[in-house]
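Only one structure is covered here, and it is reproduced in the block below.
The values are calculated or read from the model by the stated rules, or taken from the named source; none is laboratory data. Note that the structure is a prediction, hence the values are computed from the model and not measured. Positions of Cβ are generated from backbone atoms using ideal geometry, with glycine treated the same way; all protein chains shown enter the neighbour counts.
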Amino acid sequence: MKRLRFPFLITILCGILFTVIVIAKQKVSVPFTGTLSPFFQELGKPIKSIDRVVSSILPINEIDEKALGEELKSRFRNQYDARDSKSTHYLNALVKDLTKTSKKPFDYEVYLLFGSPNAFALPGGIICITDSLMDTLKTEGELVAILGHEIGHIEKGHCFDLYRGKMLKKTMETLSIAIFASEIFQSIASITFSKSQESEADDYGFQLLVENGYSPFSLSSSFQHLIEIHPTKTAPNPIVDFLHSHPYLEIRQQQSQEKAIKWFNQNPKANPYIGAKNLKEKIPRCECAFLEEYQKAES
């Protein structure tokens, strides 16, 4: 019996080693590339705030997301490079229109960053999107789908809960809003949402599309553009996929496309908005709707 234990133990150890090697070779991507790292490093520097509300030490569970968001926004405003003011105005006009019935008690702000295609959200109503991602998209509907996904992360509480949980794991039971803001910017590269949270945000973005009259296919087509930029090189690995925080884009694209087909089957007379001209000219549909951008309904 003892003779059988040693080979069995070796087999288990080899299996564990193989799993570790597989995971190491397929690293999970971080939310933003190295081109944006200096920007967030600067935002994450500790500051001496004269605002008593910001500098007061509070239990983490008592920190107000709106107050935290205002601190984050103030740092963005101090460091923000608004070289493309037309796109920035366009993005904020879109989000203002999309969040007019939002449940969160704060104003949303969108910041256009310069780097590889990406978008992400932060607590307190902050959405960041890169210029290259906007260049990748073809219609305003696709842009609304991306923005709606990020709004979903905020409205569903994913952002605030995620960073608050990270602080609690570091045994930081109390801290100031200013320090919390610094911690967020310093740890942003290591933050990822769960699969269920990503699915919830996708659902939220899809609902925003159809409720605001945009083509339900906008979400799946936005995913398709991202797939063309970063195609999956290998078939999904069940071990890595289980540990990966984001479902494969191909799966999300297929799921959103199926939802769009189902929606059109239920609404055959609908003529949703596309918005290719709006995106090209950076004019939101809420300011100017072009008749040719409405998709023709089935006869």
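Just one of the listed residues (139, 99, 130) is buried (at least 23 other Cβ atoms within 10 Å of the Cβ) and either under 28 Å from residue 223 (Cβ atoms) or of a type in the set (S, T, N, Q) (or both), namely 139. Look at (1) at pLDDT 90 or above; (2) in a helix (DSSP H, G or I) and you find that residue 120 fails only one, number (2). Every condition in (1) modelled with pLDDT of 95 or more; (2) polar (S, T, N, Q); (3) crowded, with 20+ Cβ neighbours inside 10 Å is met by residue 92 except one, and the failing one is (3). Contact map, the range 270-286: residues that are among the acidic types (Asp, Glu) paired with residues that are assigned to a loop (DSSP other than H, G, I, E, B), Cβ distance under 9 Å, separation 6+ or inter-chain. Pairs shown: 281/288. Residues that are assigned to a helix (DSSP H, G or I), within 26 Å of residue 105 (Cα to Cα) and among the β-branched types (Val, Ile, Thr) are absent from the range 163-174 altogether.
Look at the range 196-209: where a residue is touching a residue at least 24 places away in the same chain (Cβ under 8 Å) and a partner is of a type in the set (Ser, Thr, Tyr), sitting 6+ places away or on another chain with Cβ atoms under 6 Å, you get 209/218. A count restricted to the range 183-205 and to residues that are modelled with pLDDT under 80 and touching a helix residue (DSSP H, G or I) at 6+ places or on another chain (Cβ under 8 Å) stands at 8.
Conditions tested, residue by residue: (1) among the aromatic types (Phe, Trp, Tyr); (2) modelled with pLDDT under 95; (3) in contact with an Asp or Glu (Cβ under 6 Å, 6 or more places away or on another chain).
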position: 209; (1), (2), (3): no, no, no
position: 222; (1), (2), (3): no, no, yes
position: 233; (1), (2), (3): no, yes, no
position: 280; (1), (2), (3): no, no, no
position: 292; (1), (2), (3): no, no, no
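Consider the range 262-299 and keep the residues that are under 30 Å from residue 193 (Cβ atoms) and surrounded by fewer than 13 Cβ atoms within 10 Å (Cβ to Cβ). The one that is nearest to the chain's Cα centre (by Cα) is 262.
If you go through the range 125-162 and pick out every residue that is polar (S, T, N, Q) and part of a strand (DSSP E or B), you end up with 1.
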